[in-house]
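Coordinate-derived values only; no laboratory data. Keep in mind it's a predicted model, so treat the numbers as computed, not measured. Quick reminder, even Gly has a Cβ in these numbers, built from the backbone with ideal geometry, and neighbours come from all protein chains shown.
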Amino acid sequence: MTRKYSLHKIGFVYTDEWYVPIGIASSVGFYETYEDAQKAQLSYDIDSFRNFQSYDFLRDLMDFYEDKHDETQQKVIEYMQLLGWHENYKKRPYGNDSSSFYWEASLPVGATDEQVAKILELTGASFHKIIEYRDVKEDVYVKMNYEFWGKKAFEKLKEEKTLESRSPFIQGVANKGFYLVTKPAKGRRNARFKSHYDAANLALKIFLECLHEFPENNFLGKNYVAEWSNASFLLMHFLDNCESVVLKAELVSSENKKAIATKLKKIKSLYLLKEGEEYYEIVFPEIENAKPEEIFGLIELLKVKPFEIFTVVTEINGEKVVNYDPDGGTF
């Protein structure tokens with residue numbers, strides 16, 4: 001992986017006292033330099049602090065400054081006094097001991113980004129972490145699209161135990177659907193692939209196998225090639241330059257006009273081709289003759305995709321990424 005800086009959300013849990021970080025969560029962006037990542041971190045932290053909506057941020061952010069409790073609270077209150085935010089802080093005694101006290105503070109609705117940034121600086125709080133990607137471990141999932149394939153292909157893959165219903169957590173959300181699975185030498189079938197290469201290769205193999213076995217029972221077989229994409233001109237140009245995927249053209253004439261119209265009617269196409277125009281069909285290669293870059297390039301242009309590949313980072317530089325915690329969340 002190219003050496004880059006990634007900005008990750010931090011996961012938190014509430015402990016009945018204050019919020020405690022539990023590890024890094026999903027990435028919100030990648031940056032070429034550390035300085036760019038720092039600028040983005042401050043911007044995201046400001047937004048997160050506003051969304052925090054704490055009625056006492058000094059308590060809720062305690063984990064960031066607990067070892068400098070009195071000093072930090074005093075600096076924050078002095079800053080709030082300087083700004084005239086007198087309605088947003090209160091002095092509280094510890095129990096019945098009036099000689100010992102602490103402060104409560106909330107953020108005014110009209111606080112500027114600069115003022116919010118200063119509060120973050122004084123408390124040392126951040127809701128995001130900059131990570132330089134060096135050693136990254138990932139899980140890769142391939143989610144098949146029923147809208148593209150329909151019943152026959154799905155039934156075949158289920159019978160072959162290649163497709164199963166799963167709900168992996170992707171970007172912190174359960175993404176329920178039917179995923180390609182593999183069965184290792186030991187253990188149960190798994191929807192997690194440890195490399196994008198393996199996942200893409202299996203997806204490519206399944207794609208071509210099902211196209212050949214069920215040529216009329218998928219999105220491509222049920223639609224005329226010019227209707228496959230929202231950018232049909234780009235699609236036709238791309239196919240015309242492919243080697244393993246063959247674009248066959250037939251000139252419409254008085255002799256074949258009726259037969260071509262019947263083909264279009266069979267798939268309920270709205271296309272009406274006139275004499276002198278070309279009718280197109282696609283011939284897909286067998287898996288051993290396919291050029292993966294051509295197949296994936298074609299799929300990228302389709303308005304209905306046969307599958308979607310998700311990559312979930314699970315560990316960065318030895319630190320596990322929190323993709324889901326039932327008791328926690330991010331800001």
- Which part of segment 60-82 falls in the paramagnetic zone of Ser100, meaning amide N under 14 Å from the point 7 Å along Cα-to-beta-carbon? 70
- With each label point set 7 Å from Cα along the Cα-Cβ vector, what nm distance links Glu160 and Lys320? 3.5 nm
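Taking only Cα atoms of the chain, what ratio of Rg to Rh do you get with Rh as the Kirkwood inverse-distance radius?
We get a ratio of 1.16 for the chain.
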- Length-normalised contact order for the chain - Cα pairs under 8 Å, 6+ apart - percent: 23 percent
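Please give the FRET efficiency for Phe52 paired with Thr262, using the beta carbon to beta carbon distance and R0 = 51 Å, rounded to the nearest 0.05. Don't skip to the end; give the middle numbers.
On the way: r = 64 Å, r/R0 = 1.26.
Between Phe52 and Thr262 the formula returns 0.20.
Magnitude of the Cβ-charge dipole of the chain, K/R +1 and D/E -1, about the Cα centre, nearest 20 debye? Working shown, then result.
Details: 43 positive and 53 negative charges, 313 e Å.
So the magnitude is around 1500 debye.
Taking all pairs of distinct Cα atoms, average 1/r, flip it, and tell me the Kirkwood hydrodynamic radius of segment 1-155 in Å to one decimal place.
Values: mean 1/r = 0.0544 Å⁻¹.
About 18.4 Å, per the Kirkwood formula over Cα pairs.
Can you list which of the chymotrypsin sites (Phe, Trp or Tyr not before Pro) found in segment 1-74 are DSSP loop residues with at most 12 other C-beta atoms within 10 Å? Write down the numbers at each step before the final one.
Working: sites: Tyr5, Phe12, Tyr14, Trp18, Tyr19, Phe30, Tyr31, Tyr34, Tyr44, Phe49, Phe52, Tyr55, Phe57, Phe64, Tyr65; in loops: Trp18, Tyr55, Tyr65.
Here the chymotrypsin sites (Phe, Trp or Tyr not before Pro) that fit, given the DSSP loop and packing criteria, are Tyr55.
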- Query: Between Ile309 and Lys90, what is the spin-label point distance in nm, taking each point 7 Å from the Cα along the Cα→C-beta axis?
  - Reply: 5.7 nm
- Note on the structure: Summing -39500 (n - 2.57) over every DSSP H run of at least 4 residues in the chain and dividing by its residue count gives a helix-only mean residue ellipticity at 222 nm, to the nearest 500 deg cm²/dmol, of -10500 deg cm²/dmol
- Message: Greater than 30 Å separation of Cα atoms is the criterion. Which listed pairs, Lys129/Lys158; Lys156/Lys268; Lys183/Lys268, meet it?
- Response: Lys129/Lys158; Lys183/Lys268
- List the chymotrypsin sites (Phe, Trp or Tyr not before Pro) in segment 79-112 that DSSP assigns to loop (not H, G, I, E or B) and whose Cβ has at most 10 other Cβ atoms within 10 Å. Which are they? none
- segment 138-314 - charge dipole about Cα centre, Lys and Arg +1 at Cβ, Asp and Glu -1, debye rounded to 20: 1000 debye
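Per residue and in cubic angstrom, what volume does the convex hull of the Cα atoms of segment 138-314 have? The partial results should precede the final answer.
Working: hull volume 23.4 nm³, N = 177.
Considering the Cα atoms of segment 138-314, their hull volume per residue is 132 Å³.
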- Note on the structure: Checked segment 204-293 with the C-alpha gyration tensor, a ≥ b ≥ c its square-rooted eigenvalues, rounded below a/c of 1.5, otherwise prolate if a/b is larger than b/c and oblate if not; verdict prolate
